[in-house]
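This report concerns only the one structure given below.
The values are calculated or read from the model by the stated rules, or taken from the named source; none is laboratory data. Only a predicted model underlies this, so the values are computations on that prediction, with no experimental measurement involved. Neighbour counts are summed over all protein chains in view; Cβ atoms, including those assigned to glycine, are modelled from backbone coordinates with ideal geometry. When the accessible area is computed, the model is the full protein with side chains, heavy atoms only, and any ligands, DNA or RNA have been set aside. Shrake-Rupley method; radii C 1.70, N 1.55, O 1.52, S 1.80 Å.
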Number of protein chains: 2
Amino acid sequence: MKGKLFGIGVGPGDPELITVKAVNVLKEVAVVCVPQAMPGKPSLALKIAQDYLSEDIEILELVLPMTENQDELERAWQDAGLKILEQLEKGKNVAFLTLGDPSIYSTYSYVSKVIKRMAPYIEIETIPGITSFSLAAARAGVPLVEKDESLIILPVGDRQILLDSLIGESNVVLMKISRDFDFVVDALENSERMDNAFLVSRCGQKEEKILKNIGNLKGQKIDYMSLIISKNQGEEL
Amino acid sequence: MKGKLFGIGVGPGDPELITVKAVNVLKEVAVVCVPQAMPGKPSLALKIAQDYLSEDIEILELVLPMTENQDELERAWQDAGLKILEQLEKGKNVAFLTLGDPSIYSTYSYVSKVIKRMAPYIEIETIPGITSFSLAAARAGVPLVEKDESLIILPVGDRQILLDSLIGESNVVLMKISRDFDFVVDALENSERMDNAFLVSRCGQKEEKILKNIGNLKGQKIDYMSLIISKNQGEEL
């Protein structure tokens, strides 16, 4: 019998912010896969899950580089998929760890697609996780959305899309802000959203920072694990 | 010493999809508050949390009617806030249960504001939960967002806002779809998003349904705990 693949969201950083279901699955699987930007680099996802793993669990490190090169990425996903499939074919149950939620900007979604394509007979179960933006809102004591408000989750990339998203009435979560931080600051300023915005870095980790005067950070290097929540309404921050 | 208020997300329905942190807090508090649409109505949030509560815990039912009448709502929030504050003033720690995540369309955000205003000295901690849309995506095996894609979370209300949100390149989660379901179906059809959309009802509960041919449901009454995920890209569903 083939093994089953679990995609597991371990949450944003605090080991207590993992679900009971994830803990139960992690105790049962034979292999846990840990995505790594480069070989030997310590994994935050593994650190979060560490206390919930059985002692004899096999750790499978998968190198998934942080690159914009599509060919390189696809090769890495393919390699990772093959390594996981090898374990599944042996009948071992495998958990793939992912920070936050596996449905939101996760490498797991690409790797699981490779496996689905190569081996459609493999059973796959995805276990959702707490997103960084839910925790950021909770830590700041500010709701993300109320009543009939809408929410836009947007990674910073195309500048015009960013500007358009700030014009509307939506609450906005900006991800990957370190890519173009000074432009983001100006955009918040120009759309009169600065007073209702705050920045959260390394949410749920011991280095967590919540900063309300974002304008002062212009010109500084921002930790890549940072996001901005921009409330449209006159919420007291 | 005053008690502390915890806003706790219990997740979308499956009791295993609660966080370890929520479980730990629920075992320690003296009082658990359960929002109810009407007196005596069984509470799904309480059912999810039930197994994690200590035997001698005090249950405080708070009637928070599902109405669009703003005056009635504000009176109910005020009443609920006063009842909770009474417990906190006695030095009891209180947990307020909320389905899904407390930051996303939760009554908790209004009630906690009342308490903050009346008693700013009270310590409040919000514990995030798994959202219904993260679980819906996980159950369907489809990512919500990848790469530089954006995500719009939108409760169905204003028809023009709905139409505008479907024109763009974003992935869209439509909430509260039962309010205007046939219009939603037509809007998905006209924006050529029907093939990449699916509907999830009662996600994580035993009545869970995942339906891919949404057009066939036109004219039917839709369970109010339903949402639609509309993927913009040619994802295989």
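Remarks
- Residue within segment B:215-224 that is acidic (D, E) and within 13 Å of another protein chain (Cβ to nearest Cβ) present: no
- Among the residues of segment B:140-155, those that are in contact (Cβ under 8 Å) with a residue 40 or more places away in the chain and under 17 Å from the mean Cα position of the chain (by Cα) comprise B:I153, B:P155.
- Condition met for A:K147 (open to solvent by 30 Å² or more (accessible area, probe 1.4 Å), farther than 21 Å from A:T19 by Cα and assigned by TED's automatic domain parsing to the domain that holds A:N213): yes
- Among the residues of this structure, A:R193 does not count as one that is more than 7 Å from chain B (Cβ to nearest Cβ) and open to solvent by 10 Å² or more (accessible area, probe 1.4 Å).
- Which listed residue is among the aromatic types (F, W, Y) and farther than 21 Å from B:N216 by Cβ, from B:F198, B:F183, B:F133: B:F133
- Selection within segment B:120-132 - outside any loop (DSSP other than H, G, I, E, B), closer than 15 Å to A:A137 by Cβ and in contact with a Pro (Cβ under 9 Å, 6 or more places away or on another chain): B:T126, B:I127
- Looking only at segment B:133-171, and only at residues there that are in a helix (DSSP H, G or I) and of a type in the set (S, T, N, Q), the one that is nearest to the other protein chains (Cβ to nearest Cβ): B:S134
- Residues located in segment B:207-221, provided they are touching a helix residue (DSSP H, G or I) at 6+ places or on another chain (Cβ under 9 Å) and either assigned to a loop (DSSP other than H, G, I, E, B) or open to solvent by 100 Å² or more (accessible area, probe 1.4 Å) (or both): B:E208, B:K212, B:N213, B:K218, B:G219, B:Q220, B:K221
Let's see how each residue does on (1) in contact with a Phe, Trp or Tyr (Cβ under 8 Å, 6 or more places away or on another chain); (2) modelled with pLDDT under 95; (3) open to solvent by 20 Å² or more (accessible area, probe 1.4 Å):
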| site | (1), (2), (3) |
| --- | --- |
| B:G81 | no, no, no |
| B:I84 | yes, no, no |
| B:K90 | no, no, yes |
| B:T98 | yes, no, no |
| B:V111 | yes, no, no |
| B:I115 | no, no, no |
| B:A119 | no, no, no |
| B:I127 | yes, no, no |
| B:L135 | no, no, no |
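- Listed conditions (1) touching a Pro at 6+ places or on another chain (Cβ under 9 Å); (2) open to solvent by less than 40 Å² (accessible area, probe 1.4 Å) are all met by B:E61, apart from (2).
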